[in-house]
Amino acid sequence: MAFWCCFYAAGVIGTLAVYGVLQERLMTIPYGGKLFTVSTFLVFSNRVFNCAYAYGMMVINKEEKVNQAPIWKYMVISFSNVAATTCQYEALKYVSFPVQMLGKSFKMMPVMIWGIIIRKFFTEGYGKPYALRDWMIAACVTFGVTEFLLTGSISAPTDDGGNSMYGLLLLVGFLACDGLTSTTQELLFKQHKTTKFNQILYVNACSAGTSMVALLLSNNLSSCIAFFFAHSDFALDVMILSSSAAASQYFIYAQIQEFGALVFAATMNVRQVVSIIVSCIQYHHVITWLQTCGLFMVFGALFYKSYVGLQNAHVGKGEEKPLIPSKAGESDAIKPASPQEKV
């Protein structure tokens, strides 16, 4: 069992490390002297690969291909997901990759706030409020991220105009949209009993359609295709990026299924640390000692959260409650969000 846990963890960390390195390369390194700037095309490519993965898994599992929830609900999730992912890519034009990775850690607070809003207005009853410990962990993460932002350079290598504030605003947009995506997906699991692959397929199909429409309306589709075929190294990076994102989903769901969401959460914490270290080495980011202290505070709080959750599960208290309270008789086990917002 320990071997398979380490194997799945290595798969998650490895595939997402490749994804992170290529994500930064695609948005910050020129190809043939030209910088690719249309992040929506990368979103479209990722979603097409994710659709292929989900459909293949549905065929293997002999699942029904019909949508298990109304299409308009999948569209709501896809809009917020495309907006979140686009903000994530665009932010790399103005802030460094370590800042973007910390932004993903910072999303605890908006997810908790969205959970409170959805409990109040879209479910019966309010469920149990978040514990003081949860708020304290979120506060430590918030403080650590703030310290990192204020005590050293946060600009991307390609940003010569001092537009890092614009990049931070894009990260705020990412946090808001990604928090809405996660909580809405969880609500969909509760209301319509969707399988994870059914939801992945239809959300990604809607997201692919949304990004395609955005490319057509902005008149960028033809130029993106031309760039893709004119630069073979760019095409290869896009293919590997999308493949690694899709491949990561196998390891993500396998680890969650075999070892639980808390083990996966700890793995993702390690993944963030590894991705930041690899990015700093690969792209020569400079981090001050005060920023390092901020990193230790952020990941210390996250690892403590994972440790407490594992201890509670070990003594029989179970894992954390989901954001959306279950109806009577339903399981309170965490429903993992679709992997596209995890990467």
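Under 7 Å by Cβ, and 6 or more places apart or on different chains, what pairs join a residue from region 83-109 that is in a helix (DSSP H, G or I) with one that is modelled with pLDDT of 85 or more and among the acidic types (Asp, Glu)?
PHE97/GLU24
Could you list, in sequence order, the residues of region 230-261 that are out of contact with any helix residue (DSSP H, G or I) (no Cβ under 7 Å at 6 or more places or on another chain) and under 27 Å from GLY32 (Cβ atoms)?
ALA230, HIS231, SER232, ASP233, LEU236, MET239 - these are the residues of region 230-261 that are out of contact with any helix residue (DSSP H, G or I) (no Cβ under 7 Å at 6 or more places or on another chain) and under 27 Å from GLY32 (Cβ atoms).
Can you name the residue in region 242-255 that is of a type outside the set (Gly, Ala, Ser) and surrounded by 22 or more Cβ atoms within 10 Å (Cβ to Cβ) and is also farthest from PRO98 (Cα to Cα) among such residues?
GLN255
Scan region 270-288 for residues that are within 19 Å of PHE106 (Cα to Cα) and free of Cβ contacts under 8 Å to residues at least 60 places away in the same chain and jot them down.
VAL273, ILE277
Tally time: how many residues in region 5-48 are polar (S, T, N, Q) and either over 24 Å from VAL82 (Cα atoms) or more than 15 Å from the chain's Cα centre (by Cα) (or both)?
Residues flagged as polar (S, T, N, Q) and either over 24 Å from VAL82 (Cα atoms) or more than 15 Å from the chain's Cα centre (by Cα) (or both) within region 5-48 amount to 5.
When residues of region 1-24 are filtered for being surrounded by fewer than 20 Cβ atoms within 10 Å (Cβ to Cβ), out of contact with any Ser or Thr (no Cβ under 8 Å at 6 or more places or on another chain) and not aromatic (Phe, Trp, Tyr), how many remain?
Summing the residues that are surrounded by fewer than 20 Cβ atoms within 10 Å (Cβ to Cβ), out of contact with any Ser or Thr (no Cβ under 8 Å at 6 or more places or on another chain) and not aromatic (Phe, Trp, Tyr) in region 1-24 gives 6.
Kindly indicate whether THR123 is closer than 30 Å to LYS190 by Cβ, modelled with pLDDT under 70 and of a type outside the set (A, V, I, L, M, F, W, C).
yes
Inside region 25-37, can you point out the residues that are crowded, with 20+ Cβ neighbours inside 10 Å and among the aliphatic types (A, V, I, L, M)?
LEU26, MET27
Scanning for something closer than 23 Å to GLY32 by Cα, in a helix (DSSP H, G or I) and not hydroxyl-bearing (Ser, Thr, Tyr), does region 196-210 turn up at least one residue?
No: region 196-210 contains no residue that is closer than 23 Å to GLY32 by Cα, in a helix (DSSP H, G or I) and not hydroxyl-bearing (Ser, Thr, Tyr).
Exactly one of these conditions fails for ALA91: (1) within 12 Å of the chain's Cα centre (by Cα); (2) buried (at least 23 other Cβ atoms within 10 Å of the Cβ). Give me its number.
Of (1) within 12 Å of the chain's Cα centre (by Cα); (2) buried (at least 23 other Cβ atoms within 10 Å of the Cβ), only one is false for ALA91: (1).
Determine whether LEU171 is within 28 Å of PRO98 (Cβ to Cβ), touching a residue at least 12 places away in the same chain (Cβ under 8 Å), in contact with a Cys (Cβ under 9 Å, 6 or more places away or on another chain) and not polar (S, T, N, Q).
For LEU171, the condition - within 28 Å of PRO98 (Cβ to Cβ), touching a residue at least 12 places away in the same chain (Cβ under 8 Å), in contact with a Cys (Cβ under 9 Å, 6 or more places away or on another chain) and not polar (S, T, N, Q) - is met.
Among the residues of region 251-305, count how many are touching a Gly at 6+ places or on another chain (Cβ under 6 Å) and in a helix (DSSP H, G or I).
Count: 7.
Does any residue of region 54-75 turn out to be out of contact with any Phe, Trp or Tyr (no Cβ under 8 Å at 6 or more places or on another chain), buried (at least 20 other Cβ atoms within 10 Å of the Cβ), modelled with pLDDT of 90 or more and under 15 Å from ALA246 (Cα atoms)?
Within region 54-75, not a single residue is out of contact with any Phe, Trp or Tyr (no Cβ under 8 Å at 6 or more places or on another chain), buried (at least 20 other Cβ atoms within 10 Å of the Cβ), modelled with pLDDT of 90 or more and under 15 Å from ALA246 (Cα atoms).
From the list ILE277, ILE240, ILE287, exactly one residue is at negative phi and within 18 Å of the chain's Cα centre (by Cα). Which is it?
ILE240
The values are calculated or read from the model by the stated rules, or taken from the named source; none is laboratory data. Nothing here was measured: the structure is a model prediction, and the numbers come from that model. For neighbour counting, all protein chains shown are included, and Cβ atoms are generated from backbone atoms with ideal geometry for every residue, glycine included.
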